[in-house]
Amino acid sequence: MNKDSKKYYAILSALLFFFFFTWSSSFSLVSIWLNQYVGLKATDTGLIFSAISLIALCAQPLYGFIQDKLGLRKNLLLVIAVLLILSGPFFLGFASILRWNIFVGSILGGLYVGMTFNAGIGVLESYTERVSRIRGFEYGRARMWGSLGWASATFIAGHNINIDPNYNFVMASISGVVFLILLALLKTDKSDAFNQLEHGKTSAITIKDALNLLSLPRFWALILFVIGTCVYGVYDQQFPVFFSSQFATLQQGNEMYGYLNSLQVFLEAGGMFIAPFLVNKIGAKNGLLLASSVMAARIIGSGLVEGPVLISCMKLLHAVELPILLISIFKYNSQHFDKRLSSTLYLVGFQCVSSIVATLLSPLAGYGYDHYGFAPTYMVMGCIVIGTTLLSAVFLRSDAKALQPLDGLQHEDKNKAQPI
């Protein structure tokens, strides 16, 4: 990397670090907080997660289209920065709202968390990936710092929650302030000019261009794959409650989960560094299938094994699957779709579909945990992932079928009669 590229890499890596630090501080142990401090049952917690996913579902396509129109301008990221700073005040009052009315609390929680974190991360990740292509550094090496931010915050949060959960929320707002300062230091005028020179003017993108994605069979093949893989988000939602129940006291379980989650994400950060080499070697499609296979093994394994040690081993497989999944999804999208729509593709084709599945499955998962237990519910989730993985092996395009060069959606329209 040249001097300019190193500067972009450093600032974007730091932005990812503090975004995830804020997210983890306020939300990594939220299921424990809702269960042990607010007093909600798993079904009620599932309702909250469903509301979060539903709001994110509405925000993600809008965020994606706006960011594609903006190119590399920072307007939307500035809005997200303000929302990050407000995370502390929001969560400090969230418990009282939930105790007063679970439905009102779920809607307000869905609005804030869905728009700030679940949709906001897609904007930052796709923004970073676009700059990485223009400036010549691997996206995975920048995203690695996001994992380190999450791990660092979770390590501290595991201690704080047994002392006073509010410490975590204050820490989240402080981290949001640092994010805003770093964003102000990011200068993207030259990169935006390079982006338009390579891919055309982003301001020329229309809603019709984005909607034309729906006519492409390869887009629906990608959606099928994502339907299965995003089950991992539902699995993770109330896993801390399951894990903490394996210990003699809930306080000990809370602290141990903080350690486990930190270890997982530190390993995940290492995976982000290595994953680009692996995906470049085996190809984007094979990378996607490998990630979903590991995911299925992790979820089913969690339902089969017993005891905190073996359950921890299953959880740590997340550090293998996620880096491969994220690197592969961006490389797959850049090979098979119009690069000008990279944010829309990621936020709709990956994040938005994840929100739809989470909206539908979160209440069902909560019901399953309450009435059948965690292990049987995990087995059902794992079978869903196996089914979509097998179908995706048939329908996803191989790297050899990538469209080169990608001339935009006009080129895509000429080819939409081709097989998937």
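Take Tyr167, project a point 7 Å from its Cα along the Cβ direction, then tell me which residues of region 130-151 have their backbone nitrogen under 18 Å from it. Residues 151 qualify, since their backbone N sits under 18 Å from the label point.
Remark: region 59-106 is approximated by an ellipsoid whose semi-axes, taken from the C-alpha gyration tensor as √(5λ), come to 30, 14, 4 Å, largest first. Between Leu185, Leu224, Leu216, the Gaussian network model of the chain with springs among Cα atoms under 10 angstrom shows the greatest mean-square fluctuation at Leu185. The equivalent ellipsoid that matches the C-alpha gyration tensor of region 28-115 spans semi-axes of 28, 14, 10 angstrom, in descending order. A convex hull fitted to the Cα coordinates of region 227-368 yields 111 cubic angstrom per residue. On a 0 to 90 degree scale, rounded to 10, what angle separates helix 189-199 from the longest Cα axis of the chain? Once rounded, the angle reads 60 degrees. Overall, the chain carries a charge dipole of about 1080 debye about its Cα centre when +1 sits on the Cβ of Lys and Arg and -1 on the Cβ of Asp and Glu, all other atoms neutral. Semi-axis lengths, largest first, of the ellipsoid equivalent to region 241-314 are 30, 15, 7 Å, with √(5λ) applied to each eigenvalue of the Cα gyration tensor. The alpha carbon centroids of region 10-63 and region 368-398 are separated by 23 Å.
Mean residue ellipticity at 222 nm, helices only, the chain: -26000 deg cm²/dmol; runs of at least 4 DSSP H residues each add -39,500 (n - 2.57), and the sum is divided by the number of residues. Among Phe21, Ser302, Phe49, which residue has its Cα positioned farthest towards the positive end of the charge dipole of the chain, with +1 placed on the Cβ of Lys and Arg, -1 on the Cβ of Asp and Glu, and the dipole taken about the Cα centre? It is Phe21, whose Cα lies furthest towards the positive end.
Helix 120-135 and the long axis of the chain differ in direction by around 40°, with both axes built from C-alpha atoms. For the chain, the longest principal axis of the alpha carbon atoms and the long axis of helix 139-163 meet at an angle near 10°. Comparing Gly114, Gly368, Gly176 in a Gaussian network model of the chain, where Cα atoms under 10 Å apart are tied by springs, the biggest mean-square fluctuation is seen for Gly368.
FRET efficiency for the Ser245 to Lys7 pair, using the beta carbon distance and R₀ = 51 Å, is estimated at 0.60.
Here, each number is a calculation from the coordinates, and none is a lab measurement. Everything numeric in this text was worked out from a predicted model, so none of it was measured. Note that each Cβ is placed from the backbone with ideal geometry, even for glycine, and that neighbours are counted across all protein chains shown.
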